[in-house]
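A.B. asks: I'd like to ask you about the structure that follows.
The values are calculated or read from the model by the stated rules, or taken from the named source; none is laboratory data. Worth saying up front: this structure is predicted, and the values here are computed from it rather than measured. Note that we place each Cβ from the backbone using ideal geometry, even for glycine, and neighbour counts take in every protein chain shown.
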Amino acid sequence: MNVTNICCIGAGYVGGPTMAVIALKCPQIKVTVVDVNQQRIDAWNSADLDQLPIYEPGLKEVVEEARGRNLFFSTNVDKAIDEAQMIFMAVNTPTKSYGEGKGFAADLTFVEKCARQIAEVSNTDKIVIEKSTLPVRTAEKIKEVLSSNTKGVNFEVLSNPEFLAEGTAIQDLFKSDRVLVGGDNTESGNAAVAALVSIYSNWIPQEKILTTNVWSSELSKLASNAMLAQRISSINSLSALCEETGADIEEVSKAIGMDSRIGSKFLKASVGFGGSCFQKDILNLVYLCRHYGLDEVAEYWYQVIKINNYQKNRFAKKIITGLNGTVNQKKVTLLGWAFKKDTNDSRESAAIYVADILLEEGAELHIYDPMVKATRIHQDLTTLWEARNESKDEIAYKLKRCIVHQNHTTALDSSFAAAIVTEWDEFKSYDWNTIADNMMQPAKVFDGRNIVKDTEEYKFKLKKVGSSNVKNSSNERKEKAI
Ligand code: NAD
Ligand code: UDX
């Protein structure tokens, strides 16, 4: 099949960048990204490329080249579905917040709505592609919904999970480690797989395009995220042991990672992982395992989440302990809010949970993030507190003690402590001794990302993740800094 018209439902962190890159690399294909969110579509169509709804390095250059040529953003979902030969579903699949599977299962409401709309609107044969991350065997449910079409349309359902990471999305899409396409081993299934493979072949080398059955493809996505998150929880669990024993997690991580069987990536100890994917996808995996009666397997993966929660709590408690056991009425500064650097996304960011604990303890919280807006920060906290059924008054009182700054200087001025929660490059370049001069004495820096160098004489106390306070000869150098 010669594909000339693609539609993507969902103009979010995946739909937007993914389709922008397909449009860039395949100028012969018209790509329309649709969404029910008018504001989001307006932002994608904004003349000022700094107003795109997502911040990703390199994204605005791609949009600038393709938009209006063969890349379009629209709220006219029906029209885009009708015209397309291939439809990507890149809608959100959050953790269910109600009913059966609450707190674990993926909420498939949006996916099902898309499928229903495709079934209703389609007049010609379509290839429907799962781009969202979904539980194994979701394709079966999608096929059932699509079969409600009354116009004799043939639908092929493929799984093509997305592996991009935020902050590096464009590079990840340009040079993917692999592209995974799952399809049915039937004549029409194989033809659909070939059609999708031919699109990626415009820029991805053939040997990096992997074709599998649908269930393997769906599960591989959940498994990849689980394995990545597991490495972070493993290293974070060891960081706690390092802090007790005099070992240093940076040194341990390096030593472990030099084993080529293990590899060095994703072994960076931190305040805990965040983002919209890891927690949601592991909870989904846990739910699936329980569903199939695999309780031991479910418990194994659930531990990854438990350690991550433990790490976020541990970090917040270190700040409180480090400030003589109380932060009540003390100015404490959070540097960073995004769940990682180079993104404006703060979904499930560790910062939210650290802030929550500090505010509960009475801190006056001052926050600076180079990309995340004050409205987003307040909304993140409000959402958390509303989910806990806190009263409007309580929420308003806490928000008043949560001040967002446009620069780090005012955020840190007269503060008792700085807590680094996101590894933004600009934090690495600060003159920390000058900052410390303007803080309350003795100034304290809690580095949740281990980005402040610990080789110089500091005028402040530095506490890193996985670095010990135990006095022994091998720690002498570090003790001078602490
Ligand atoms: P998102 O929330 O940023 O975007 C989803 C968009 O879908 C929203 O703008 C929403 O308005 C729109 N939408 C929902 N239902 C719709 C409907 N019926 N019609 C039209 N539009 C609709 O989500 P995201 O981060 O892009 O994630 C999408 C999927 O991709 C999820 O399943 C996620 O797990 C997966 N994923 C995300 C990432 C990531 O880095 N964010 C990476 C890989 C995979
Ligand atoms: C992740 C997967 O990497 C990606 O393949 C998938 O498509 C979506 O989920 P993302 O969540 O965007 O991507 O970012 P990622 O780089 O994986 O970071 C997730 C979290 O883990 C961040 O909070 C990050 O700071 C943290 N992290 C990452 C660590 O704490 N230590 C590490 O060594 C690596």
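A.B. asks: I'd like the full set of residues that are under 27 Å from the mean Cα position of the chain (by Cα) and either on the phi > 0 side of the Ramachandran plot or of a type in the set (Val, Ile, Thr) (or both), limited to region 411-432.
C.D. replies: The answer is Ile420, Val421, Thr422.
A.B. asks: State the number of residues belonging to region 82-106 that are of a type outside the set (Phe, Trp, Tyr), in contact (Cβ under 8 Å) with a residue 40 or more places away in the chain and closer than 17 Å to Ser132 by Cα.
C.D. replies: Selection size over region 82-106: 11.
A.B. asks: Also, quick follow-up: Does region 161-205 hold any residues that are touching a Lys or Arg at 6+ places or on another chain (Cβ under 9 Å) and polar (S, T, N, Q), and which are they?
C.D. replies: If the condition is that a residue be touching a Lys or Arg at 6+ places or on another chain (Cβ under 9 Å) and polar (S, T, N, Q), then Ser176, Asn202 are the ones that fit.
A.B. asks: Would you mention how many residues in region 324-357 are closer than 17 Å to Ala443 by Cβ and either touching a Ser or Thr at 6+ places or on another chain (Cβ under 7 Å) or touching a residue at least 40 places away in the same chain (Cβ under 8 Å) (or both)?
C.D. replies: Final tally of qualifying residues: 7.
A.B. asks: Further question on the same structure: Residues being within 16 Å of ligand 1 (Cβ to nearest atom) and either touching a Gly at 6+ places or on another chain (Cβ under 7 Å) or of a type in the set (Gly, Ala, Ser) (or both): count how many of those fall in region 215-251.
C.D. replies: 7
A.B. asks: Same structure again: Give the residue, chosen from Lys306, Lys392, Lys312, that is buried (at least 17 other Cβ atoms within 10 Å of the Cβ) and basic (Lys, Arg).
C.D. replies: Matching residue, one of Lys306, Lys392, Lys312: Lys312.
A.B. asks: Is one or more of the residues making up region 49-69 within 27 Å of Gln117 (Cα to Cα), more than 13 Å from ligand 1 (Cβ to nearest atom) and of a type in the set (S, T, N, Q)?
C.D. replies: No, because not a single residue in region 49-69 is within 27 Å of Gln117 (Cα to Cα), more than 13 Å from ligand 1 (Cβ to nearest atom) and of a type in the set (S, T, N, Q).
A.B. asks: Quick one: Ile403 ticks every box in (1) crowded, with 16+ Cβ neighbours inside 10 Å; (2) within 25 Å of Val465 (Cα to Cα); (3) of a type in the set (Val, Ile, Thr) bar one, so which box is it?
C.D. replies: (2)
A.B. asks: Scan region 199-213 and give yes if some residue there is surrounded by fewer than 16 Cβ atoms within 10 Å (Cβ to Cβ) and of a type in the set (D, E, K, R), otherwise no.
C.D. replies: yes
A.B. asks: Can you tell which of Ala165, Ala240, Ala192 is in contact with a strand residue (DSSP E or B) (Cβ under 8 Å, 6 or more places away or on another chain) and either assigned to a helix (DSSP H, G or I) or within 11 Å of ligand 2 (Cβ to nearest atom) (or both)?
C.D. replies: Ala192
A.B. asks: Being surrounded by 20 or more Cβ atoms within 10 Å (Cβ to Cβ) and touching an Asp or Glu at 6+ places or on another chain (Cβ under 8 Å) is the filter here; which residues of region 79-92 pass it?
C.D. replies: Met89, Ala90
A.B. asks: Now for a different question. Between a residue in region 276-303 that is assigned to a helix (DSSP H, G or I) and any residue that is among the hydroxyl-bearing types (Ser, Thr, Tyr) and within 16 Å of ligand 1 (Cβ to nearest atom), which pairs come within a Cβ distance under 7 Å, given they are 6 or more apart or on different chains?
C.D. replies: Taking only residues 6 or more apart or on different chains, the pairs are Lys280/Thr95; Asp281/Thr133; Leu283/Thr95.
A.B. asks: Ok, one more. Going through Ala247, Ala269 one at a time, which residue ends up being near ligand 2 (Cβ under 8 Å from one of its atoms) and buried (at least 17 other Cβ atoms within 10 Å of the Cβ)?
C.D. replies: Being near ligand 2 (Cβ under 8 Å from one of its atoms) and buried (at least 17 other Cβ atoms within 10 Å of the Cβ) holds for just one of Ala247, Ala269, which is Ala269.
A.B. asks: Now a separate question. Of the residues that make up region 93-109, is at least one under 20 Å from Asp172 (Cα atoms), small (Gly, Ala, Ser), in contact with a strand residue (DSSP E or B) (Cβ under 9 Å, 6 or more places away or on another chain) and buried (at least 16 other Cβ atoms within 10 Å of the Cβ)?
C.D. replies: For region 93-109, residues under 20 Å from Asp172 (Cα atoms), small (Gly, Ala, Ser), in contact with a strand residue (DSSP E or B) (Cβ under 9 Å, 6 or more places away or on another chain) and buried (at least 16 other Cβ atoms within 10 Å of the Cβ): absent.
A.B. asks: Report yes if Lys331 is assigned by TED's automatic domain parsing to the domain that holds Leu462, away from ligand 1 (no atom under 16 Å from the Cβ) and at pLDDT 95 or above, otherwise no.
C.D. replies: yes
A.B. asks: Please specify each residue of region 117-143 satisfying the condition of being more than 9 Å from ligand 1 (Cβ to nearest atom) and part of a helix (DSSP H, G or I).
C.D. replies: Ile118, Ala119, Glu120, Val121, Thr138, Ala139, Glu140, Lys141, Ile142, Lys143
A.B. asks: Okay, next question. Quickly run through region 73-103 and pick out the residues that are over 30 Å from Asn2 (Cα atoms) and away from ligand 1 (no atom under 15 Å from the Cβ).
C.D. replies: The answer is Tyr98, Gly99, Glu100, Gly101, Lys102, Gly103.
A.B. asks: Looking at region 331-416, what helices (runs of 4 or more DSSP H) fall wholly within it and have at least 3 residues that are among the hydrophobic types (A, V, I, L, M, F, W, C)?
C.D. replies: 350-360, 374-387, 392-400
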